[in-house]
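Step one of this worksheet: look at the structure below.
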Amino acid sequence: MKIIYEKEIDTGSIVVSPRPVWKCRTCPVYGKSPSCPPHAPSWKESKEWIKHFKKALLLKFQLDYEDFEEEKRKVLLYLLQKEEELFRKGNPYVLALFPGNCNLCEVCEFEKSGHCRMPTKVRPSIDAIGIELSKIVDLNFGESVLYGLILVE
């Protein structure tokens, strides 16, 4: 995993709609991850919630797709670490958003029993709460990248 960039964005540029949530329904992980619908906050709730933030940190990560799951796990852990740093700097409501489903655990207990082993670490997926990432960045599906988002203040 390599960080390509971290840049601050105005949350006014974040578009929240039902489109990404509907797209989630085509995913094989739909309903099986605590970070994904229907377990994530609704897009309507998220739209209202995001209005209370002024800025966010957009992060772009380059991945080695030969070990995608492990690389993605590193991305999620980095996002949580960054969230913690920003919290300690005086941002009490800071919250990271995951790129796609949570895969913090190598074997997901939630898929089997509905109970998460790391409920204090799992965060909603960017898509799951209705954020249209394509309105923030130019997506190039030929790139081996993931985007993370941290709502800061």
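The values are calculated or read from the model by the stated rules, or taken from the named source; none is laboratory data. Everything numeric here is computed off the predicted structure, so don't read it as measured data. Positions of Cβ are generated from backbone atoms using ideal geometry, with glycine treated the same way; all protein chains shown enter the neighbour counts. Remember, those area values only see protein heavy atoms, side chains included, never the ligands or the DNA or RNA. Shrake-Rupley method; radii C 1.70, N 1.55, O 1.52, S 1.80 Å.
Computed values, structure above
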read-out	value
Any hit, segment 96-108, residues being polar (S, T, N, Q) and touching a Ser or Thr at 6+ places or on another chain (Cβ under 7 Å)	yes
Residues being under 13 Å from the mean Cα position of the chain (by Cα) and over 14 Å from R19 (Cα atoms) - total across segment 37-47	2
Pair list, Cβ < 9 Å and 6+ apart or interchain, from segment 127-153 residues that are outside any loop (DSSP other than H, G, I, E, B) and modelled with pLDDT of 95 or more to residues that are hydroxyl-bearing (S, T, Y) and open to solvent by 70 Å² or more (accessible area, probe 1.4 Å)	L151/Y93
Residue within segment 19-28 that is over 23 Å from E71 (Cβ atoms), β-branched (V, I, T) and open to solvent by less than 60 Å² (accessible area, probe 1.4 Å) present	yes
Looking only at segment 86-138, and only at residues there that are open to solvent by 70 Å² or more (accessible area, probe 1.4 Å) and hydrophobic (A, V, I, L, M, F, W, C), the one that is nearest to F61 (Cα to Cα)	F87
Pick from segment 139-153, criterion of a type outside the set (A, V, I, L, M) and farther than 22 Å from K51 by Cα, ranking: most open to solvent (accessible area, probe 1.4 Å)	F141
Y65 touching a residue at least 12 places away in the same chain (Cβ under 8 Å), surrounded by fewer than 19 Cβ atoms within 10 Å (Cβ to Cβ), touching a Gly at 6+ places or on another chain (Cβ under 8 Å) and over 18 Å from P37 (Cβ atoms)	no
All positions within segment 48-74 that are of a type in the set (K, R) and under 15 Å from the mean Cα position of the chain (by Cα)	K60, K72, R73, K74
Index of the failed condition, T11 passing every other in (1) touching a residue at least 60 places away in the same chain (Cβ under 8 Å); (2) out of contact with any Lys or Arg (no Cβ under 8 Å at 6 or more places or on another chain)	(2)
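Every residue, every condition in (1) under 17 Å from A128 (Cα atoms); (2) in contact with a helix residue (DSSP H, G or I) (Cβ under 6 Å, 6 or more places away or on another chain); (3) among the basic types (K, R), yes or no:
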position: P41; (1), (2), (3): yes, no, no
position: E48; (1), (2), (3): yes, no, no
position: F68; (1), (2), (3): no, no, no
position: K74; (1), (2), (3): no, no, yes
position: N101; (1), (2), (3): yes, no, no
position: E106; (1), (2), (3): no, no, no
position: G114; (1), (2), (3): no, no, no
